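Take a look at the structure set out below.
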Amino acid sequence: MKTLSRWASSALPTPTPKTIPWFLLLATLLTYGALAPALGFHQDDWYFVYYYVSRGLAGIAEFMYYDGHPLSTWSYALGFILFGTNAIAWQFFSLGLRWLAAVAIWKTLHQLWQNNLRQTFLAAVLFLIYPTFTLQAQAVVYFEVWLSYAFLFFSFYYAGRGIRGEGKTYHAWGMVAKIGHIFTSEYVTGIEFIRPLLIWQQLPSSLPTRQRLQKTLWYSLPYLLINFGYIIWRVFLHQSPRVFTHNSAGDPTYPSMLAKLATQPLAALWELSLNTLQDLSIILATSWLNLAPTYLLEPLRPVNLLLAALLLLGFGFIVYTLTRLTQNPVPEAGWQNLPVLLTGVAILLAGLIPYYVIGYFLHIKLPPWNGRVSLGSLVGAAILLIALAQWLIPSRRWQNLFFAALVGLGMAWQAQNQNDFRYSWEQQKNFYRQLTWRAPSLQKGTALIATHMPAPLMSREYTIGFAINSVYTQPAGTNLPYWFFLSKINLPGKEAQLAQGIPLEYYVQSVQFEQDSRQSLIVNFKPDKGQCLWVLRPQDANAPGLSEEERQLSQATDLSRILNTPAYPFLKQIGAEDLPQTWCYYYQKGELARQNQNWSEALRLLKEAQEQNLRPRNGFEYSPFIEALLGAGEWDAAVKLTREASQISPGMPRHLCGLWREALQDSPRSPAQEKAQNKVFGMLGCK
């Protein structure tokens, strides 16, 4: 540890009020920077990407209007003007704004409590790594939250400088920052209500109480009027024309908790109290239990080695910084005083207001998506956590070690979550690339149906729906050209009816998809089982490993929906076009050749794959090439490949028997063909 400390002393500057922002930048990059280039787009990011790809900036304005946030349009428009659909640029943009928000938070806290440099630095660092929020990878969705945080806390900071008599222009800057905050995300709108408490602390304590109250009200009033005006407009006046999917429970812009407070105040207060207690227990206590370094139990895995290294780096970085801050010649003030605790509690509770108003509670929503409910409370929770730890641990040395361990674990935890999103992005790109290999383009009005999501952390069908429409970029009005359906969510119990034809409908935001189920492709993507993407045909019902639901769904596939003209420039923009040509490339192109009965092309692909020593991990994926060999009359080669397919995967005989029967049904008979067929049927036990 002494060696690490000496290295840090030579490599890092001394932490002072002037250099703390750079220490916060280092904490940000340590936690999130390494994996940021590999994260891509996730979940609700695809809303914005689709509307931009299909309609440009007008699409962004349309989406924000339907989503109920028209005032925020400018920030997304600016982002897409600067970065387009460059996922790496979006990731670093969001990361930079999170750092800027941490700097604004630290400046505000340092302004309030200048003799607590160690604690204010820690509060900003804990804001960066707080474990209830793990969705930093959703850069397009959440960059605006960090921008909103920065605007609001810079408004606190500049207004504070004006109140301290440093110049009237600071009041103007404080108001400019506040207006910027109103025109961004509403996630942290509730924190504005603590402004009077912050102003009170910055007024001279020598002022008479009445005069101090009057000045507090005077300085707070313009900001509070702006905030109340926005809330009245947002909750009661602005009517979003938002269209919802059939799975939605109602309009989340409807102030359900406010309505309940007005009509059933006692019941509403009791419900609010119970939910608040449960949410606070997650934010302040149980969320930290996730930081247990279970990755140390398997230290030889490369990713676990990286997490362990980050844990040690974070620990050493915080030990060094806090130790140097402890040596500050200015005596450290107490952190457990009433103003600090009141500020922490106020931010913690006020930060929950935007979601509580609409009846959203942290403990009810599913993780990790529920983390957004806690976004406004992170600073307050950090302040209180520091106060509690200092009360329990009197020694500053042991405090520093405790906080270093906490931050190191938090950095590794966030990196672990980032790695999960990295894996999800790799799976997404793999799915989109294989889909376009198999289906270079699609007829408009095509539905893709699956029994499970193609990638983890893409929890809802609309995310893949918008992604597919972005990949197969088409100018679109209100009718979506394509859509993705998850059978267990969108079509429960209807799997057997799809082949007969039933309406497929999906309504979301300002767009909709309506089509007959017979104009569908059934997709099966299980890369964790070593499989390529399968576009199932009715003849594939006996493929090994399919569930009964997938067998029923396969009957609805219409391969004529697939066109052979490529139309996917978007893949290059997201880095999916240059994926290596693995076995799955040859399999997808082989399936496309089989669909077009281009046996020579299929056999060329098989030969090329074999020359590169590429083989499938599932024998089913030899099917198009076996059929091509049969179509070309290469009987011995077909027998050999059939044998190999049956040996790769269990449960293949039924499928292979059907494949041979169908392929030879209309072909002219010959002794060589009959010999090959008898050999295969005997080998597989075909009946």
*Provide, as a two-decimal number, the C-alpha radius of gyration of segment 178-337 over 2.2 N^0.38 Å, N being how many residues it has.*
1.56
*Could you pull out every one of the aspartates and glutamates with an alpha carbon less than 14 Å from that of residue 365, ignoring same-chain neighbours closer than 8 positions?*
279
*Pop out the ³J(HN,Hα) list for segment 643-654 in order, Karplus 6.51 cos²θ - 1.76 cosθ + 1.60 with θ = phi - 60°, rounded to Hz; leave Gly and Pro as x.*
4, 4, 4, 5, 7, 6, 10, x, x, 7, x, 4
*asked:* Tell me the per residue accessible area of segment 404-534 using a 1.4 Å probe; a whole number in Å² is fine.
replied: 28
*Under Stokes-Einstein, with the Kirkwood radius over Cα pairs standing in for Rh, what whole-number D in µm²/s applies to segment 277-350 at 10 °C and 1.306 mPa s?*
99
*So how exposed is residue 550, as accessible area in Å² (1.4 Å probe, rounded to 10)?*
10
*Once the principal axes of the Cα atoms of segment 576-687 are found, what is the range along each, listed largest first in whole angstroms?*
45, 28, 21
*Pairwise FRET efficiency - residue 608 versus residue 572, Cβ, R0 = 25 Å, nearest 0.05*: 0.60
*asked:* I'm a student and want to see the number: the projected area of the Cα convex hull of segment 42-90, averaged over all directions, in nm².
replied: 3.1
_Principal-axis tilt of helix 396-438 within the chain, Cα atoms, nearest 10 degrees_ = 30
*If 226, 347 are ordered by their accessible area, calculated over protein heavy atoms with a 1.4 Å probe, which sequence runs from highest to lowest?*
226, 347
*asked:* Cα atoms only: what Rg and Dmax, in Å, come out for the chain?
replied: 29.9, 111
_Separation in nanometres of the label points that stand 7 Å from Cα toward Cβ, at residue 402 and residue 565_ = 6.9
*So how far apart, in nm, are the two label points at residue 336 and residue 364 if each is 7 Å from Cα heading toward Cβ?*
3.7
_What does the extension gain come out to for residue 115 and residue 669, with contour length at 0.36 nm per residue minus their alpha carbon separation?_
190.0 nm
_Please report the carbon-and-sulfur percent of the accessible area for the chain; probe 1.4 Å, protein heavy atoms only, DNA, RNA and ligands left out._
61
_Whether segment 545-619 is rounded, prolate or oblate, judged on the alpha carbon gyration tensor where a/c under 1.5 counts as rounded_ = rounded
*Take every Cα-Cα distance within segment 1-117, group them into 10 Å bins from 0 onward, and report for each bin the whole-number percent of pairs it holds.*
12, 30, 27, 19, 10, 2
_Crossing angle, helix 45-55 versus the chain [Cα axis fit, 0-90 degrees, rounded to tens]_ = 70
_Solvent-accessible heavy-atom area per residue, rounded to whole Å², over segment 5-136 at 1.4 Å_ = 31
*asked:* I'd like to know how segment 385-469 sits against the 2.2 N^0.38 Å rule of thumb: what's its Cα Rg over that expected value?
replied: 1.88
_For residue 589, give me every one of the aspartates and glutamates with a C-alpha distance below 19 angstrom, ignoring sequence neighbours fewer than eight places off in its own chain._
540, 558, 577, 578, 601, 608, 611, 621, 627
*If packing is taken as the mean number of other Cβ atoms within 10 Å per residue, what is the order of 136-149, 596-609, highest first?*
136-149, 596-609
*0 to 90° range, to nearest 10: angle between helix 302-326 axis and the chain longest Cα axis*: 10
_Out of all Cα-Cα pairs in segment 448-501, roughly what percent, to the nearest whole number, are more than 16 Å apart?_
47
*asked:* Using a Förster radius of 22 Å, what is the FRET efficiency between residue 226 and residue 57 based on their Cβ-Cβ separation? Nearest 0.05, please.
replied: 0.25
*For residue 442, list long-range residues whose amide hydrogen, built 1.01 Å from N in the peptide plane, is under 5 Å from its own amide hydrogen.*
563
_If I stretch the segment between residue 238 and residue 548 completely, what's the gain in nm (0.36 nm per residue apart, minus their alpha carbon distance), one decimal?_
106.8 nm
*asked:* Explain nothing, just compute: Karplus ³J(HN,Hα) = 6.51 cos²θ - 1.76 cosθ + 1.60, θ = phi - 60°, for every residue of segment 543-551 in order, whole Hz, x for Gly and Pro.
replied: 4, x, x, 7, 7, 4, 4, 5, 4
_Cβ-based net charge around residue 327, under 13 Å, with every Lys or Arg adding one and every Asp or Glu removing one_ = +3
*Please work out the FRET efficiency for the pair residue 632 and residue 479, using the Cβ-Cβ distance as r and a Förster radius of 41 Å; give the result to the nearest 0.05.*
0.45
*asked:* I'd like the accessible area for residue 655: 1.4 Å probe, protein heavy atoms, all chains in place, Å² to the nearest 10.
replied: 10
*Taking 0.36 nm per intervening residue step and subtracting the Cα-Cα distance, what contour gain separates residue 81 from residue 206 on full extension?*
39.9 nm
*Using the Cβ atoms and a cut-off under 10 Å, what net charge is assigned to the surroundings of residue 72, where Lys and Arg are +1 and Asp and Glu are -1?*
-3
_Highest to lowest packing among 419-429, 162-172, 490-500, scored as the average C-beta count within 10 Å_ = 419-429, 490-500, 162-172
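The values are calculated or read from the model by the stated rules, or taken from the named source; none is laboratory data. Treat the numbers as computed from the prediction; the structure is a model and nothing was measured. A quick note on method: Cβ atoms are made from the backbone with ideal geometry, for glycine too, and the neighbour counts reach across all protein chains shown. Side chains are part of the model used for accessible areas, which takes the heavy atoms of the whole protein and leaves out ligands, DNA and RNA. Shrake-Rupley method; radii C 1.70, N 1.55, O 1.52, S 1.80 Å.
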